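*Asks:* Let me begin by handing over the structure; questions about it come next.
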Amino acid sequence: PLSLFNISSKVEFAVIEAGISQENEIDSLSKMIAPDFAILTHIGKKHLSTLGNLEKSSKEMTKFLLSVPKEKWCLIPNDALIYRYCKQLSSAFYHWDTSDSFLPHAISTKSGCYQINFPGTTPFSGHI
């Protein structure tokens, strides 16, 4: 969370990593970060040492997704452990690890600029 204090008011886009090592830790991180969008990486063996099992890890990690506003999106892995919690999401979600021509993608538009395209929404553009 220390990186949050270093973000200037002029910044249009920030990527914040929210890792956890104990149950319910994501609750306070979600409130601090207040994400507009979320990208959830895979739930893997690295989470076993801190939370004990993949089921508990998946449940804790997907709690973060619940804080994303309904008009925004989440990008998640296509994983049965995570998918069971997706029905609780108010935001749209897409799978980043499924081969599909309609999946989101990012492109460079010109020097120092980028655009992220998501199906059915207006592209998000910004400066690097």
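*Asks:* Give the carbon-plus-sulfur fraction of the accessible surface of the chain in %, rounded to a whole number; probe 1.4 Å, heavy atoms of protein chains only.
*Replies:* In the chain, the share of accessible area belonging to carbon and sulfur is 55 percent.
*Asks:* Can I ask one more? Can you tell me the relative contact order of the chain? Whole percent, Cα pairs under 8 Å, sequence separation 6 or more. Don't skip to the answer; put the middle values down first.
*Replies:* On the way: 174 pairs, mean separation 22.1, N = 128.
Once normalised by length, the contact order is 17 percent.
*Asks:* So if we plug the beta-carbon distance of S125 and K87 into 1/(1 + (r/R0)^6) with R0 = 30 Å, what FRET efficiency do we get, rounded to 0.05?
*Replies:* 0.45
*Asks:* Same structure, new question: Residues in segment 60-77 near a label at A34, defined as backbone nitrogen under 13 Å from the 7 Å Cα→Cβ point?
*Replies:* What the label zone holds, given the 13 Å backbone N cut-off, is 68-69.
*Asks:* Mind checking the angle between helix 54-63 and the chain's longest principal axis? C-alpha axes, 0 to 90 degrees, to the nearest 10.
*Replies:* 40 degrees
*Asks:* Right, here's the next one. What FRET efficiency do you get for E25 and C113 if R0 is 30 Å and r is their Cβ-Cβ distance, rounded to the nearest 0.05?
*Replies:* Step by step, r from the Cβ atoms, then E = 0.25.
*Asks:* A further question on this structure: Which entry is the computed semi-axes √(5λ) of the Cα gyration tensor in Å for this structure: [x] 34, 17, 10; [y] 30, 17, 14; [z] 25, 19, 13?
*Replies:* Of the listed options [x] 34, 17, 10; [y] 30, 17, 14; [z] 25, 19, 13, [z] comes from this structure.
*Asks:* Please list, in order, the residues from segment 16-45 whose amide nitrogen is less than 16 Å from a point placed 7 Å along the Cα→Cβ vector of L66.
*Replies:* It comes to 23-35, nothing else.
*Asks:* While we're here: Number of Lys pairs in the chain with C-alpha atoms less than 18 angstrom apart, excluding same-chain neighbours closer than eight positions?
*Replies:* 14
*Asks:* Test of understanding: what is the full-extension gain from E55 to A14, defined as 0.36 nm times their sequence separation minus their Cα-Cα distance?
*Replies:* Separation in residues times 0.36 nm, less the Cα-Cα distance, equals 11.9 nm.
*Asks:* Averaged per residue, what accessible surface does the chain expose to a 1.4 Å probe, in Å²?
*Replies:* Heavy-atom SASA per residue in the chain reads 66 Å².
*Asks:* Specify the residue with the greatest mean-square fluctuation among A34, A18, A80, computed from a Gaussian network of the chain linking alpha-carbon atoms under 10 Å apart.
*Replies:* Per the Cα network of the chain with a 10 Å cutoff, A80 tops the list.
The values are calculated or read from the model by the stated rules, or taken from the named source; none is laboratory data. Please read these numbers as outputs of a predicted model, since none were measured by experiment. As a convention, Cβ positions derive from the backbone with ideal geometry for all residues, glycine included, and neighbour counts pool all protein chains shown. Heads up: the accessible areas ignore ligands, DNA and RNA and are worked out on the full protein's heavy atoms, side chains in. Shrake-Rupley method; radii C 1.70, N 1.55, O 1.52, S 1.80 Å.
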